[in-house]
Structures are given as structure tokens and as C-alpha cells.
Amino acid sequence: MSLVPMRQILDEAAKGGYGVGAFNVNNMEQIQAIMAAAEEVQSPVIVQASRGALKYSQLNYLRHLMLAAVELHPKIPVAMHLDHGNCLATCLLAIELGFTSVMMDGSLDEGGKKPRSYEDNVCVTRKVVEIAHAYGVTVEGELGCLGGIEDGHGAGFSEEEAKKFLTNPDQAEEFAANTGVDALAVAIGTSHGAYKFRRPPTGAVLRMDVIAEIHAKLPGCHLVMHGSSEVSESLQDTVRMYGGYLKPTFGVPVAEVQQGIKHGVRKVNIDTDSRLAMTGAARKLFVCEPAKFDPREWLAPARDAMQAVVQSRIIAFGSTGHAFDYSPITLEDAKALYK
Ligand code: G3H
Ligand code: 13P
Ligand code: ZN
């Protein structure tokens, strides 16, 4: 099997009433962790790379690692997705590299720091949709801005400030109609990174009601939850126990994501939990086995720890066992469907 268009994975998830995890990757061990988890529980999966990941991996390393992943796991439907594309050129680069899905994050300006106007967002997203669909490639857009900042991307809004940039459900309806996006990332109070909430989130800060409202207006559009890491106490504890420093923090409870899935969320973005899991495992090895210096001795447990997190999310999002529900289509097939 080759990489499949993300649209098919999301359409099938909508039919089955489940969500699909979209996990960020930067290197071989992370791709291996995701693929091992998906294989173990026979689930479709979305592997995504940010601009930072593409830079880190010099583009081609990641591309070839993905090709290795589909070669080694031929029965698992996998979409390769560009996370937070900042402009048409970045999306085109990803399409050239063979990505089957791109995100045009027009919620922020090209520098990824300041909110972009609604009109500009529509304009740039529509342009990406026109071109990507001509290649059969899926497009995710974003309306509203998330809080936090990650690797230079994000307006850096605090929990309080982010409240002003939640997705407006009426505007979401208009945005989807005017751009033709396949999936829409919505801002509901979450943020990227480890520092999402200062206390366990209630409905006043984590606005799952906004998701329900958007889904009621836009039942045919696949919704995407960014900033969905749980940042569990146990992941935090392991990092701290072995000398790491993290401020007190709370993430998005998995039960809330499950609520979102009941209201049209089909793609759930997770990066921070994988980072914490890998770092905790590596720190543990460094502290407990100070004489070891073969990188495989810390990369292997780090990879196992990430696999465990990914697997538990896949199970929680309900996509377990759905890998063989359908025959994967190609980008050529998707191209014909968009015509
Ligand atoms: O969108 C945020 C993801 O966690 C990717 O982060 O830009 O540091 O690779 P990154
Ligand atoms: P987390 O930082 O919560 O893992 O979110 C990742 C994300 O949304 C990537 O686009
Ligand atoms: Zn994101």
C-alpha cells in the first residue's frame, strides 16, 4: 500500500464514528513508534510533520522514512500530513515531497506569530485547496487561533487571551463553504505545548460546547482538535523524577477528546505527550544506567515509551481494528473525486 489521502481516512472515521490520532514526527524512532502502535491495534493513522520537523530532517530523510513505514506496514492506511503549513509555497513543497495531506494554517500570518485577517485566511486557504485538490491531496484549514507557542509557531496567547480567538461557529460555516477545505481545525481553548491550563480544565476554559455548535452547523466537515495532549501526571512525574524541570500544568483530558469525537472531531493532534514520554524514558536511562553510552540504549526505551502513549490514544479515540474496513484509494482516485 502507498500513503493514502487523509480525506479517505477521515471520511471512514466519520462513517465509523471514531477519531484518528495525528502524531508528530521528526525522526526514525518516532515514525517506528507510531507504526508499531498502529500495527499492534490495527488502526489507520496520520503521521504529521511540522515545518520545524522538515527542516530538522532535511526533508528527504523524513520522506524516505515514511516510504519505509508504508513498505513495512503494507496493511495499515497511513496519511502523511503537513502540520501548520504557513503559506502556499510550504504546502506545495510538501505536495512535491509526496505528502497526501497539507494543513494551510491561515489563522496566523506567514511568520506564524500574528493572527491573520479572516479575508486573507479565506484567500490563501482557497488557493491551497484549488491546487492541492488538483493533485488529490487533502487540505486542513484553521479558523480561530490556538494559545501557546511551539518552536516559534503560535501567537503566544495566554489561556486568558486565547479566549478572544475561539472559532466563531457562524464564520466556520462560511469559511468551509468559501474555501472547500476537507477538514477544519478549531480553536476551543487549547494550546500547543505542555502548558495548556493552570488547573484541571472546566467547560469555562475548554469549550467543548463550541465544537458541538460547529458540528451542528457543519455536519459534513471533519473537525480537528489541535493541542490535544493530556500532559498526564505520570508523564510529568517521570520527567521530574529523573532530573527534568516542568512547571505545574494540566492538559486536555482524554475523556474530553472523546466528547469531541461524538461531535464531529475526526483528527486529534498529539505531539507533546510523545515528547514527554520519550524524554522521560531517556532521562530514566541516563540516571539509572550512567555507564551506558550507546544511543540505542536510550533511543529504544524512548521509542517504546512513545509507542505506549500512541497506542493508548489510538484505543481511546476508537480507531482500533478499523485498518481493514476499506480499500485504500490513491491520490489519482482522490483527484477524480474532487473533479
Ligand atoms: O504544532 C505544533 C507541533 O507540536 C509541532 O511542533 O513546530 O516544534 O515541530 P514543532
Ligand atoms: P500538543 O502540543 O498538545 O501535543 O498538540 C500538538 C499539535 O496540535 C500539533 O499540531
Ligand atoms: Zn497544532
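The table below gives the values:
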item	result
Region 113-120 - phi-based ³J(HN,Hα) in whole Hz, Karplus 6.51/-1.76/1.60, Gly and Pro as x	10, 10, x, 9, 5, 4, 4, 5
Cut-off 9 Å between beta-carbons: net charge of the residues surrounding G189, Lys and Arg +1, Asp and Glu -1	+2
Stokes-Einstein D for region 223-339, Kirkwood Rh over Cα pairs, 10 °C, 1.306 mPa s (µm²/s)	96
T202-N27 FRET efficiency (beta carbon distance; Förster radius 45 Å; 0.05 resolution)	0.75
A336 versus I131: modelled label distance in nm, points set 7 Å from Cα along the beta carbon direction	2.6
Potential extension, S234-Y118 segment - 0.36 nm per residue separation minus Cα distance	37.8 nm
For region 222-236, 3J(HN,Hα) per residue [Karplus equation, 6.51 cos²θ - 1.76 cosθ + 1.60, θ = phi - 60°, Hz, x = Gly/Pro]	6, 8, 10, 9, 8, x, 9, 5, 7, 6, 5, 4, 5, 5, 5
Proximal aspartates and glutamates relative to K247, as straight alpha-carbon distance under 13 Å, when same-chain residues fewer than 8 apart are discounted	E233, D237
The chain - percent relative contact order, Cα under 8 Å, separation 6 or more	23
CD proxy at 222 nm, helix term only [per DSSP H run n ≥ 4: -39500 (n - 2.57); per residue of the chain; nearest 500]	-14500 deg cm²/dmol
Qualifying lysines (Cα of each under 17 Å from Cα of K339; at least 8 residues distant if same chain)	K127
FRET efficiency, N178 to S158 (Cβ-Cβ, R0 25 Å, nearest 0.05)	0.25
Förster-model FRET efficiency, 22 Å R0, K217 and L92, C-beta, rounded to 0.05	0.10
In nm, spacing of pseudo-spin labels at T320 and K75 (7 Å Cα→C-beta vector)	1.7
Partners for K55 among lysines (Cα-Cα distance below 19 Å; same-chain residues under 8 apart left out)	K113
Mean projected area (nm²) of the alpha-carbon convex hull when the chain is viewed from all directions	15.3
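Bear in mind that the values in this text are calculations on the coordinates, not laboratory data. Just so it is clear, the model here is predicted, and its values are computed rather than measured. A quick note on method: Cβ atoms are made from the backbone with ideal geometry, for glycine too, and the neighbour counts reach across all protein chains shown.
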